[in-house]
Amino acid sequence: MNPALSTISIPPAPAPIGLIAGAGGLPLLVARGLKHQGRPVYAVGFAGQYEKELPPLCDRFRRVGLLRLGQWARSLHRMGVTHAIMVGGVDKAKLMHDPFRLVRQIPDVRTLVVWHTTLRHDRRSPALLRAVADELATRGVTLIDSTHAITEHLAGPGVLTKRAPTKEQQADIDFAWPILLSAAKLGVGQAIAVREKDVIAVEASEGTNAMIRRAGGLCSRHGWTLLKGAGPEHDRRADVPTICPETIRALAETGAGCAALEANGVIIIDKAETLALADKLGVAIVGVDPGA
């Protein structure tokens, strides 16, 4: 775990945990996990982004602007939140088709200050996370490990499906795992595709599923392997690698035969469904020790 998280003391239930929610199913998973812990969930959701199923799962909910960092902080502070989880993505299609985007996406003063002092010099994900965490801290809100309430949904070690990697796929995993960790440490991406010890594709800003499609187009032979993870020192307050049923479908459609996931470092959304689909489509899933 990243050293920044090891010193954070999280109050026990029934103390509430805040939720800063973007798009996708991950915020729903976290909200349910917090409720299962017996905690009230006080959430802020990005306007035009969060799933409609989220507000009913929360004890308190407020819609906020994506670029209004000061509004997030004030809203959570007024709810009495001292610790919060930030998960979910930004759906660019939803953003572009929002008829109120010109109003909702006007940055507030705090966002402009953070941009001027920090992000205009460094817009990489770690810098963005630090800036958000620092701004929330000024309101007494501490960001915590985004997997805190969903540890059972993380990939475990060993073979997770009925089908194990072939001898060739295991050799590819052994060969490419250090390359994946090096790429992740450099901030390049969280996934790579490999076939016969040849790296076919490396994830960049397009996301894993788009990279999978690209790898399938580059690899003329089926049976290639996806490796996904961020390394043991990754800051899990945001941007934890995930896979879901859509990932499995993309792998099967593009000829991949195996996915190697960082054990305890990759979230499997809809875990039972995802693994059952992998079995059905013949894709082996294996959890790899991040230090391997």
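The values are calculated or read from the model by the stated rules, or taken from the named source; none is laboratory data. Just so it is clear, the model here is predicted, and its values are computed rather than measured. Note that each Cβ is placed from the backbone with ideal geometry, even for glycine, and that neighbours are counted across all protein chains shown.
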- Neighbours by Cβ (under 7 Å, 6+ apart or cross-chain): first from region 229-243, over 9 Å from Pro290 (Cβ atoms); second hydroxyl-bearing (Ser, Thr, Tyr) and part of a loop (DSSP other than H, G, I, E, B): Arg236/Ser146; Arg236/Thr147; Arg237/Ser146; Ala238/Ser146; Val240/Ser146; Val240/Thr147
- Message: Could you go through region 206-217 and let me know if any residue there is of a type outside the set (Lys, Arg), surrounded by 17 or more Cβ atoms within 10 Å (Cβ to Cβ) and assigned to a loop (DSSP other than H, G, I, E, B).
- Response: no
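Just one of Asp172, Asp198, Asp239 is among the charged types (D, E, K, R) and in contact with a helix residue (DSSP H, G or I) (Cβ under 8 Å, 6 or more places away or on another chain); which is it?
Details: Asp172 fails: in contact with a helix residue (DSSP H, G or I) (Cβ under 8 Å, 6 or more places away or on another chain); Asp198 fails: in contact with a helix residue (DSSP H, G or I) (Cβ under 8 Å, 6 or more places away or on another chain).
Exactly one residue qualifies, and that residue is Asp239.
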- Task: Report, by residue number, each residue of region 123-155 that is assigned to a loop (DSSP other than H, G, I, E, B), surrounded by 12 or more Cβ atoms within 10 Å (Cβ to Cβ) and either of a type outside the set (S, T, N, Q) or on the phi > 0 side of the Ramachandran plot (or both).
- Result: Arg139, Gly140, Val141, Ile144, Asp145, His148, Ala149, Ile150, Ala155
- Message: assigned to a loop (DSSP other than H, G, I, E, B) and surrounded by 20 or more Cβ atoms within 10 Å (Cβ to Cβ): which single residue out of Gly48, Gly18, Gly38, Gly33 fits that description?
- Response: Gly48
- Item | Test for Ile243: is it modelled with pLDDT under 95 and closer than 30 Å to Ala131 by Cβ | no
- List pairs: first in region 204-216 and modelled with pLDDT under 90, second outside any helix (DSSP H, G or I), Cβ under 8 Å, 6+ apart or cross-chain? Ala204/Val188; Ala204/Gly189
- Query: In region 264-292, which residues are in a loop (DSSP other than H, G, I, E, B), surrounded by 22 or more Cβ atoms within 10 Å (Cβ to Cβ) and small (Gly, Ala, Ser)?
  - Reply: Gly265
